[in-house]
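Only one structure is covered here, and it is reproduced in the block below.
The values are calculated or read from the model by the stated rules, or taken from the named source; none is laboratory data. In this text, all values refer to a predicted model and were calculated from it rather than measured experimentally. For accessibility, only protein heavy atoms count, side chains too; no ligands or nucleic acids. Shrake-Rupley method; radii C 1.70, N 1.55, O 1.52, S 1.80 Å.
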Amino acid sequence: QYGMVGWGGTFKTTLEPLRVVQRMVIKIMLKKPFDYSTLQLYHDFPVLTIDQLYKRAALYQVHKDYFIHGYNPGDIVIPSGRSRRESLLIKVPRKNTATGQHHYDYLGVRWYNALFSRYEHDKHADPRAIKYMISKYLKEV
């Protein structure tokens, strides 16, 4: 997981060899044939995929940046529920390039807002409760 926030948002083609190796190692560990279904594989062996690991790392980092370290109080929005934009918890930073939109500080905030819209959220909740919510969210997505 080292450097996940840094390299996890890279292009899909760059990460594909790592995904292939992860699936092959799991298949070897479980003694499954190489043409075994990937969906069934991750169901049989409940580990996070590379993409889920990146999401988890980004969500943890966003929570740490905005709620533990107090990143920028102007970025935290108190949701009133009147409009979709006002229902966000954290303002999504503007990124002008596709590369910028792959970075954790853009995607992580979007995923954090999706997590918030799906579950009740208390920014002062026990960190274990936040980790549980993130794990639950990753299993459903």
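Of note:
- Taking all protein chains together and rolling a 1.4 Å probe, Thr13 ends up with roughly 120 Å² accessible.
- Accessible area, probe 1.4 Å, largest first, for residues Phe45, Phe11: Phe11, Phe45
- With all protein chains kept in place, the per residue accessible area of segment 1-56 amounts to 68 square angstrom at a probe of 1.4 angstrom.
- Annotation: extensible slack from Lys91 through Asp51 equals 12.1 nm (criterion: 0.36 nm per residue apart, minus Cα-Cα distance).
- Per-residue SASA entry for Lys64, accessible area with 1.4 Å probe, Å² rounded to 10: 80
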